[in-house]
Amino acid sequence: MNKKTIVLLLLMVATAVSFAQNTIKGFVYDNDSGEPVPFANVVLKGTNYGVATDINGFFSINKIPDGKYTLMLRYVGFEEYSEEVSLSGKQVISKRILLKEASKTLKEVKISSSREERKVETTVSVEKISPKQIQQMPAIGGQADLAQYLQVLPGVTFTGDQGGQLYIRGGSMIQNKTLLDGMVVYNPFHSIGLFSVFETDVILSADIYTGGFGAEYGGRLSSVMDITTRDGNKRHHTGKIGITTLGANLVLEGPLKRESENSKSTITYLLTAKNSYLTKSSDIFYSYMDNTLPYDFMDLYGKLTLQSANGSKLSLFGFNYTDNVSNYQSIANYDWYNYGGGANFAAVTGNNAIIEGNFAYSDYKITLEDESTLPKSSRINGFTFGLHMTYFIGSNKLKYGIDLEGFSTDYELYNSFGRHFRQTENTSEMAAFVTYNIKSGKWLIDPGLRLIYYASVAEVSAEPRLAIKYNATDRLRFKLATGLYSQNFLDAKSDNDVVNLFNGFLTGSENLGVSSTFNGEEINSFIQKAQHIILGIEYDVTDYLQLNVEPYFKNFSQLINMNRNKMFDDQPEYQEGGAYEKPEYLRTDFIIEKGKAYGIDFSARYSYDKIYLWVAYSLGYIERTDEAEGTYNPHYDRRHNINALATYTAGNSREWEFSARWNFGSGFPFTKTKGIYEFLPFYDVNFDYINSNGELGVYYSAINEGRLPYYHRFDISAKRKFSLGRRSVLEINASITNVYNRQNMFYFNRLTFERVDQLPIMPSLGMTLTF
C-alpha cells in the first residue's frame, strides 16, 4: 500500500463522516463506581445496528436512518438497559449510560451477552480476561493472580511454580510482548511462578493474543498481552487489604474530585502494593521443606486520572517492580528490577472519532550469579510513544496511528566454553499502522497493514495482517487470522542449561557478529521474521457449553540466536583464508536459524448457575534448524498440555466458593551430559599448567535430545465471604498447592548432580478485607 492509497482511504473516510446520517454515541459506566464498562453490547433493537463499547466504555452508532428506535444495552453482571430514541435530520445524540449491578444472577442474560460479543468480534487466537475470571482460579497463597490464570489457557506453557517463564504457541519469552496501559513491561512474572507483577483487583481487562494479532501491535514474533488498569472509583473511597502465609497486598482508590451538578469532571487515584515475605514466613509455615524459600518481591503501582464532562481523560501512572532470589542452592543469586512511569489519554472528537495516545519510560535490569562465578546481566531502558485515531463509520471502524520506541541495551554473558559476550546498543523503532474492521451480513473482516523501521539495521518491514470470522449460524462460527511479523530483540540465553533461568535483551545490528550465510545462502537482512496462519471453529453446543478449536502454524523464516558452539574469536586467523580457518558456527557470536511451530488447541467452557468448568488441551510441535546442530527442539517444546478447572459457589448469598485445578504437561527437552573433564585455561604463555588446578568442563551430547520427566500438579482452594456492611466484606481463604506432592523438576546442576524440585505440597491461609 503506497502513500497515495493511504491518503485516498483517509479522504474516503472523511467524506463518509461528513455525509453521515443520524448518530448515537456516548459512554457506558458502572453506576456504583463510575468506572467505564468495556465490551458491552449496544444495539438498536430489531435492527442490524450495534457495536461493542471500547476499553474506555465509548460507543458510536452512525449512518442510522430517520425513525424511532429502542436503544438496548446489556453486559454480564448488570441489569439490562433500554431507552426509546427518536432520530431525524442528521441528528447526533450523546448518551451517558449508567449500568446498575444485577440484583440476582440471570443465566439467560449471561449466555446471550457472551454470544453476542463473539458474533461481533473476530476474536481469533485471543482470550479476553476479566478479574472475575481470574478470581475463579484456586487462590494459591490466598491471592488470585493473572499468572495463575494464564497457565490454563490453550497454547500457553509455563515452566512451573518456580522460574516464572511463559511460552506461547512456539514463541520464546522474548517473542512475547506485554503492555500495561500502553507501556512495555519487560518481565511480567516473578521468580516464584505463582504471581505476576499485576494486581488483580485493578485490572480492567487483559487481552491475550496467542498469535495472528492485528496491525495495531508489532515488534514481536509470537504473541501480545495487553493489560489495561482501572481509573479508580469515582464515587467512593474504597480499598482492599490482604494478608496470607506467602505475602500481603493493599489497594486504595477513590475520588479526589467528585462530579457535581455544576461540574461533571472528576479526578481519581489508584494505589497498589504487593509483596512476598517468604524468606521469613517459610521458616514458620513451611519448615518441612528442605530449604527456605528465598523469594522476595515488591510491586508498587500508582495512577491518577483526570476525566472531563464529555468522557475525555488523561491518566498519569508510575510503577516499581522488584524480584530477588538469594542464596538458593545451585542458583546462588538471581534478581531483577523494573521501574518507570508515563501518561496516556483518550479524547473524544465531534466527528464519531476518538484519539488515544501514550508516552512512558521504563528501566529493567536482570542479574544472575551461579556456581560459575561468571557474570550474567542484561539491562534495557528507554521510552515508548503512541498516537492512535479511531473513526466509527456505520457498523465499521477505521483505526490508524504511529508508534515510536527508543531504548538502550547492555548485555553480558559467558557461554559453556567460557567465551565472553558483551553488547551495548542504542536504537529506535518507528511504526505506522492502519486497520479497517468491516461488518457485512454474516462476515467480519479485519484487514490491516503495519510498517516498521528498525534504525539499528536500517531496514523497513511491511507487514499485512488479516482476520476473518463467518457467523454460519447463531451457534456456529468459523474464523481465520494470518499475517507477517518481525522483531529486533534477540533470544539470548544458554540452551545448554537443563532449566533456563536467565533471559536477557539484545538488539540486532549490522555489527552484531552474525553468521553471513545459512545453508550456503547469503544473509541480507538482520530482522527476525515470522508468518502466522490460524484457523478456528466456535460452537455453542447449548446455551451453557461452548467449544473452541484452533489449529495454528507459525513459520519463523529467520531467527537470530546466541551461538552456543562458539569456541574461537572471530579474528582474521580463524576466518576464511586464515592460517587457522574455522567455520562460522564456531567463531561468530550469533547464528542464523529457521524454525516452525504448529499444533492444535481445544477448549471447552461450561457455565451454568453455580457451576463453572473449563478444560483445555494443547498438542504442539516446535522445531529450530541451524547449520551446526541441524533440526532440534528448543527447550520449551512441550508436546502435550492439559488444564482442567472447576469452580462451585454455594450458599443462599453465594458466600462459599470451592475451586480445583489440575495441570499436566509432557517433559521439556534438555541437552544430556556425556562426561565431565578437567579444563586448563591457558590465559597466557606463562600459565603454569603443571601446578595449577584445572576447572571442570562438560562434554555435551546432541542438543536437547533428552526429555525431562512429565509435569503435573493438583491445586484446590476454598473461600468464605462475610458481609460486614454495605461496602465491607471479609473473606477467609484456604488453599493447597500440589495436593498429592508431585516431585516436579525445577533445576539440575550438571557438575554436582544436585536436583532441585518445584514446590512440594504447600498449604496456605489468607484473609482479605474489602472496605
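Worth pointing out:
- Per residue, the average separation of C-alpha pairs within less than 8 Å and at least 6 apart gives the chain a relative contact order of 10 percent.
- Farthest towards the positive end of the charge dipole of the chain, among the residues A597, T409, P131, is the Cα of P131, using unit charges on the Cβ of Lys, Arg, Asp and Glu.
- For the stretch 160-271, the square roots a ≥ b ≥ c of the C-alpha gyration tensor eigenvalues yield an a/c of 1.5 or more together with a/b not exceeding b/c, which makes the shape oblate.
- Accessible-area ranking of F478, F502, largest first, probe 1.4 Å: F478, F502
- For the chain, the convex hull drawn through the C-alpha positions has a volume of 157 cubic angstrom per residue.
- CD proxy at 222 nm, helix term only [per DSSP H run n ≥ 4: -39500 (n - 2.57); per residue of the chain; nearest 500]: -2000 deg cm²/dmol
- The calculated Kirkwood hydrodynamic radius for the stretch 241-375 is 18.3 Å, given to one decimal from all distinct C-alpha pairs.
- Listed cross-link partners K479/K529; K100/K313; K280/K313 are compared with a 31 Å cut-off, the Cα-Cα value being larger for K280/K313.
- Label positions at E623 and S440, each projected 7 Å from the Cα along the C-beta direction, are separated by 3.8 nm.
- Per-residue extension of 0.36 nm, minus the Cα-Cα distance of T279 and S82, leaves a gain of 65.5 nm for this segment.
- Rounded to 0.05, the FRET efficiency of the D609 and N524 pair, given R0 = 35 Å and the Cβ-Cβ distance, is 0.05.
- Tensor-based shape of the stretch 609-718 (alpha-carbon gyration tensor, a/c under 1.5 rounded, otherwise prolate or oblate): prolate
- The accessible area of K610, taken with all protein chains in place and a 1.4 Å probe, comes to roughly 60 Å².
- Annotation: lysines with alpha-carbon distance below 16 angstrom to K582 (same-chain offsets under eight excluded): K566.
- Note on the stretch 206-272 and the stretch 23-74: Cα centroid distance 22 Å, given to the nearest whole angstrom.
- 5 angstrom amide H check on I560, placed H, neighbours 5+ away: D491, E593
- Its relative contact order, with pairs defined as Cα atoms under 8 Å and 6+ residues apart, puts the stretch 143-187 at 19 percent.
- Those lysines that a straight Cα-Cα span of less than 17 Å connects to K45, excepting residues fewer than 8 apart in one chain: K25, K63, K68, K95, K119
- Take every pair of alpha-carbon atoms less than 8 Å apart whose residues are at least six positions apart; their mean separation over the length of the stretch 207-279 yields a relative contact order of 25 percent.
- If the convex hull is drawn through the Cα atoms of the stretch 623-667, its volume per residue in Å³: 75
- For the residue pairs K442/K594; K365/K596; K128/K610, alpha carbon separations beyond 27 Å are given by K442/K594; K365/K596.
- Unit charges on C-beta of K, R, D, E only; dipole of the chain, Debye: 3480
The values are calculated or read from the model by the stated rules, or taken from the named source; none is laboratory data. What you are looking at is a predicted structure, and each value in this text was computed from that prediction instead of being measured. We place every Cβ from the backbone using ideal geometry, glycine too, and count neighbours over all the protein chains shown. Note: accessible area is taken over every heavy atom of the protein model, side chains too, but ligands, DNA and RNA are not part of it. Shrake-Rupley method; radii C 1.70, N 1.55, O 1.52, S 1.80 Å.
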